[in-house]
Amino acid sequence: MHPIVIELKGVVKTFRALRAVDGVDLTIRRGEYVGLLGPNGAGKTTLVEMIEGIQAPDDGEIHIFGKSWADSAEELRKRVGLCLQETHFMDKIRVRETMKLFGSFHDSTEERVDEMLGLVNLTDKSRDFVVNLSGGQKQRLALGIALLSRPEILILDEPTTGLDPHARREIWKILGDIRNAGTTLILTTHYMEEAEHLCERIVVMDKGRVLADGPKRELLASMGGETISFRAKKKIAEKSLRRVPGFLSYIPQDGGGRVFVSRMRDALPVFLSAAKSAGITDIECRRSTLDDVFIHMTGRTLNE
């Protein structure tokens, strides 16, 4: 197995009456792409800020490469790259000048600066002022800067929030391209599609705690693999749904709900019969997603 690069034991962070991170244990190995998935307020950002050394835990231990920020901050800054949700640059500096400025903190060569501009597809924008970049282009610039020092760990805190779908997928492609370099990635997001696309391992958080941690396929398999989402005029009694072949669980929602089953082909005809009197107005049959995993654990969606 690859060596452990990040280890958290009993990490706690409190802001007045709010326990933002509540006793988190987490181990991440070299080369893993780990997605921290959860709604706003789940504690994801607070957790990664402690991993980054921006905040100190109130209790517990954090070790990066077996070292702590208190004792080895200078070394760790060279080995950990950060890309925040939003980065503010000086507007009246050109793109290449901005990259060179940050590169000077790491003794980056001109060739490295040009390499990063190419990686994040900003070579043709290198002489433009930063103020003229789109939101997606600014985020790609921030990602290129985070990669300048060839970090062994790259931490991205909701890097595509507010971006349009095309800009979001451009970021995904860049992150996919660096996967073979052996970089360890931690990605916080509340976009289930983003976590499913980029990360093989998912850590589900809510209210400061880890609800689930494991390979994406195992988490999805735990739901049985298939979901019936529906809306209806009347409430359906759960006891009637329990007669559905392969029934695993039922999460009621306003005006409908989600039924998790092991085999859609066998379940759907019986479900339709059981739900006929409820007056179904809308139905969707599909493979379970990470959003289904979250709603199964909490009774609410990632966006609630």
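General remarks:
- Breaking point among (1) without any contact (Cβ under 8 Å) to a residue 12 or more places away in the chain; (2) buried (at least 21 other Cβ atoms within 10 Å of the Cβ), for PHE230: (1)
- Index of the failed condition, HIS197 passing every other in (1) without any contact (Cβ under 8 Å) to a residue 40 or more places away in the chain; (2) farther than 30 Å from THR46 by Cβ: (2)
- Meets criteria (in contact with a helix residue (DSSP H, G or I) (Cβ under 8 Å, 6 or more places away or on another chain), over 20 Å from ILE202 (Cα atoms) and either modelled with pLDDT under 95 or assigned to a strand (DSSP E or B) (or both)) for LYS13: yes
- SER126 being within 19 Å of PHE89 (Cα to Cα) and surrounded by fewer than 16 Cβ atoms within 10 Å (Cβ to Cβ): no
- Taken over the range 164-212, the criterion of being aliphatic (A, V, I, L, M), outside any helix (DSSP H, G or I) and closer than 13 Å to PHE294 by Cβ is satisfied by ILE202, VAL203, VAL204, MET205, VAL210, LEU211, ALA212.
- Some residue of the range 114-130 being under 30 Å from ASP206 (Cβ atoms), in contact (Cβ under 8 Å) with a residue 40 or more places away in the chain and not in a loop (DSSP other than H, G, I, E, B): no
- Scan of the range 265-285 for residues that are within 36 Å of the chain's Cα centre (by Cα) and hydroxyl-bearing (Ser, Thr, Tyr), ordered by number: THR281
- The range 250-292 - residue that is polar (S, T, N, Q) and surrounded by fewer than 17 Cβ atoms within 10 Å (Cβ to Cβ) and, of those, nearest to ALA232 (Cα to Cα): THR281
- One residue alone among LEU101, LEU117 is at negative phi, surrounded by 19 or more Cβ atoms within 10 Å (Cβ to Cβ) and in the same structural domain as GLU75 (by TED's automatic domain parsing), and that residue is LEU117.
The values are calculated or read from the model by the stated rules, or taken from the named source; none is laboratory data. What you see is a predicted model; the values in this text were computed from it and never measured. When we count neighbours, we look across all protein chains shown, and the Cβ atoms used for this are built from the backbone with ideal geometry, even at glycine.
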